[in-house]
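Working notes, structure below.
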Amino acid sequence: MTKLDPIEALQAAFGDAIEDVSTFRGDTTVVVSAAKIADIGRYCLQTEGLEYNLLSDVTGIDYYPQEPRFAVAYHLYSLPHNRSLRLKVYLPGDDPVVPSVTPVWPTANWFEREIYDLLGVTFTDHPDLRRILMPEGWDGHPLRKDYPLGYETVQFSFNFDEVDRHKPYAKE
Amino acid sequence: MSVQEETVWQGDVEKLRGLVSDRALSGETMVLNMGPQHPSTHGVLRLLLELDGEDIVNCIPDIGFLHTGIEKNMEAKRYEQSITMTDRMDYLNPLGNNLAYCLAMEKLIELDVPPRAQVIRVLLAELTRINSHLVWLGTHALDIGAMSVFLYCFREREKILDIFEMVSGQRMMSTYFRPGGLWRDVPEEFEPAVRDFIDYFPAKVDDYEKLLSNNPIWLDRTQGIGFISAEDAIALGCTGPTLRGSGVNWDIRKALPYSGYEQFDFEVPLGVHGDVYDRYIIRIEEMRQSLRIVEQAIDNLPGGLFRSNNRKYVPPPRAELGHSMEAVIHHFKLWTEGFRPPKGEVYVRVESPRGELGCFLASDGSPRPWRVRFRTPSFVHLSALPHMAKGHLIADLVGIIGSVDIVLGDCDR
């Protein structure tokens, strides 16, 4: 079975769309241009010698306050060649939009819905982009770094009344 | 508008458009809500079903009822503090989750694990697999109508939980693995207890098979149900027994060995038909293979350290604090600030009882992870459920849900 080097193959096929290649602890990361991700995904899946047929994971990262703020990482795995690859795209903070890879790997459907739900990244051409984990009418995207974690102030005897005034429960 | 009017659900037909077929909107097919508190959905899973008579036309899973924001919470804690939360994700596979998270941390900081710790980790991970498969078998059989198997399975599971309690003090949420090894060494009674279990358990697996494998009712309810082809299973991201049920030989323990799995001799059972019955047979056989691994591990349990000696990441033993200033400093640093891994991103996959459990860690060089992400098998398998359920009877849906072995805590995190 022929086995292509994924970096060389991608660079030959897409040229400038491959923005950066790095290896950390044995994981190879290829940063690609966001507009091309669906084409690059299809190429990785269908090219003989690459055949990244299992999309293990899609995840979003918020690098706030850096710019570009968001990243989406795709963890690909090739069953015939037993190797993996990470594709990554960077997205601007004010308008994070990226083409969906659901037409390429159907399993991306729910992963992308989760990223949309928790980070507010929009995927174009997604068949069913709704919230998945949070309730439908939820305000905001909880995994964003500027979304507070939320906690309850501990009430002691000396500040009982003060804390009680700010507590969000019904008072008569 | 009065309060009463507000609380009455008005029924938004527009929200259903696109999810169900047009036949449902004209009233030709029926839309039925199943869950989130249905006894056979193994947790709080809601399914929206479109039915033509008893046939399933469309199945739309609705998840998120158990979403607890574990990933967000982990960002606010130090690396070591989050181990307890991984137990609570997939509550039938606590040690497997610990393992995935610890391996990701160890990959990030390039920490070596002593051989004794690795073997104990494998041993306990395999006991966890048996434990998880026992709960699965019991509840799956209960769903389909075989009551007694459930009671037998929980009887055997109790023995495994006793072993977990012995090593960690906890039956279920054991939090026993630490970056660099284990929390503490296993006690003396551990080895006899494991050997007892190895002698005791094989006959019990045979008993389950006697009760189910050739039972005509069981065969009727499972064979040819919930079919998924190998191509579809890969495209939909199925892993673990669900993928192997369709005949794809991919087990992460064999393909990408971690924690020393390459030293163990075991087989990967494969299915042929990709139906509920094949997934059942695979899990039964996996219990036997896991027991083989446990046996090899206890026979070849190496001596030595149970935790790495790298003091920058692993706390010193309590006894050293009394006479070593350096130990006190390390202890103080680890407990007040935690360790600082280098900047970078890693992804680790392990074979959980349900399939591929992935852990993605992004570090910015601070003592708290910048982003933790768990790729959980239940989440992916649930997204493949509509594909398996379409065209079957509503009564078979219960068997199909059981056969992909979902845990909603794992799914929603």
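What ranking of A:His75, A:His81 emerges when the number of other C-beta atoms within 10 Å of each C-beta is taken as an exposure proxy, fewest first?
Neighbour counts put them in this order, fewest first: A:His81, A:His75.
How far apart, in nm, are the 7 Å Cα→Cβ label points at A:Asp5 and B:Val272?
4.5 nm
Counting other beta carbons within 10 Å of each Cβ, put B:Lys312, A:Lys145 in order, fewest first.
B:Lys312, A:Lys145
Computed over the Cα atoms, what is the radius of gyration of chain A divided by 2.2 N^0.38 Å, N being its residue count?
Cα-based Rg divided by the globular estimate yields 1.34.
Taking 0.36 nm per intervening residue step and subtracting the Cα-Cα distance, what contour gain separates B:Ile60 from B:Met147 on full extension?
Result: 28.4 nm gained on full extension.
Per residue of A:25-32, how many C-beta atoms from partner chains lie within 10 Å of its own C-beta, taken as a mean? All intermediate terms of the calculation are to be shown ahead of the outcome.
On the way: counts 10, 2, 7, 0, 3, 0, 0, 0.
Averaged over the peptide's residues, the number is 3.
Taking beta carbons within 10 Å but only from partner chains, what does the mean come to for residues B:62-74?
Whole-number average of other-chain Cβ neighbours for B:62-74 is 4.
Fewest to most neighbouring Cβ within 10 Å: what's the order for B:Leu92, B:Leu134, A:Leu143, B:Leu151?
Taking fewest neighbouring Cβ atoms as first place, the list is B:Leu151, A:Leu143, B:Leu92, B:Leu134.
How tilted is helix B:147-168 with respect to the longest principal axis of chain B? Cα atoms for both, answer in degrees (0 to 90, nearest 10).
So the helix axis and the longest Cα principal axis differ by about 20 degrees.
Which whole-percent values make up P(r) of the protein assembly as shown when all C-alpha to C-alpha distances are grouped in 10 Å steps starting at zero?
Per 10 Å bin, starting at zero, the Cα-Cα P(r) for the protein assembly as shown comes out as 3, 16, 26, 26, 19, 8, 2, 0, 0 percent.
Which entries in B:Lys312/B:Lys343; A:Lys88/B:Lys254; B:Lys77/B:Lys343; B:Lys77/B:Lys312 show an alpha-carbon gap greater than 21 Å?
With Cα atoms farther than 21 Å apart: A:Lys88/B:Lys254.
How would you order A:40-52, A:146-158, B:272-284 from highest to lowest mean count of nearby Cβ atoms within 10 Å?
Taking the mean over residues of other Cβ atoms within 10 Å, the ranking is B:272-284, A:40-52, A:146-158.
Which ³J(HN,Hα) values, rounded to whole Hz and listed in residue order, are derived for segment A:78-86 from phi using the Karplus coefficients 6.51, -1.76 and 1.60 in 6.51 cos²θ - 1.76 cosθ + 1.60 with θ = phi - 60°, glycine and proline given as x?
10, 5, x, 9, 6, 8, 10, 8, 10
Using the alpha-carbon atoms, what tilt in degrees (0 to 90, nearest 10) does helix A:37-46 show relative to the longest principal axis of chain A?
Tilt of helix A:37-46: around 50 degrees.
Would you mind giving the average projected area, over all directions, of the Cα convex hull of segment A:85-172 in nm² with one decimal? Don't skip to the end; give the middle numbers.
Working: hull surface 37.2 nm².
Computed as one quarter of the Cα hull surface, the answer is 9.3 nm².
Considering the Cα positions of segment B:320-404, please state its Rg to one decimal place and its Dmax as a whole number of Å.
22.1, 71
Length gain on complete extension for the stretch A:Asn159 to A:Thr122, per 0.36 nm per residue less the alpha carbon to alpha carbon distance?
Taking 0.36 nm per residue and subtracting the Cα distance, the gain is 8.9 nm.
Which of the lysines could a cross-linker span from B:Lys15 if the Cα-Cα distance has to be under 25 Å and same-chain partners fewer than 8 positions apart are dropped?
Qualifying lysines at Cα under 25 Å: B:Lys390.
Given a Förster radius of 35 Å and the C-beta distance between B:His38 and B:Glu165 as r, what FRET efficiency does 1/(1 + (r/R0)^6) yield to the nearest 0.05?
0.65
Find the Cα radius of gyration of chain B, compare it with 2.2 N^0.38 Å by division, and give the number to two decimals.
Against the empirical 2.2 N^0.38 Å value, I get 1.07 for chain B.
Using only the alpha carbons of segment B:234-293, what is the convex hull's orientation-averaged projected area in square nanometres? Walk me through the numbers on the way to the answer.
Working: hull surface 16.3 nm².
Result: a mean projected hull area of 4.1 nm².
Tell me, in nm to one decimal, what length is gained between B:Ala395 and B:Ser21 on full extension, where the rule is 0.36 nm per residue of separation less the Cα-Cα distance?
Net length gain for the segment: 132.5 nm.
Pairs of alpha-carbon atoms within less than 8 angstrom and 6+ residues apart define the contacts here; what relative contact order does segment A:6-144 have, in percent?
Relative contact order of segment A:6-144: 19 percent.
For chain B, take the longest principal axis of its alpha carbons; what is the angle in degrees between that and the long axis of helix B:394-404, to the nearest 10 within 0 to 90?
Approximately 20 degrees, to the nearest 10.
Can you give the FRET efficiency for B:Glu326 and B:Ser366, using 1/(1 + (r/R0)^6), R0 = 30 Å, r = Cβ-Cβ distance, to the nearest 0.05?
So the FRET efficiency works out to roughly 0.80.
We did not get these values from a lab; they are worked out from the coordinates using the rules stated. Quick caveat, the model's predicted, so the values are computed rather than measured. Every residue, glycine as well, gets a Cβ built from its backbone with ideal geometry; the counts of neighbours run over all protein chains shown.
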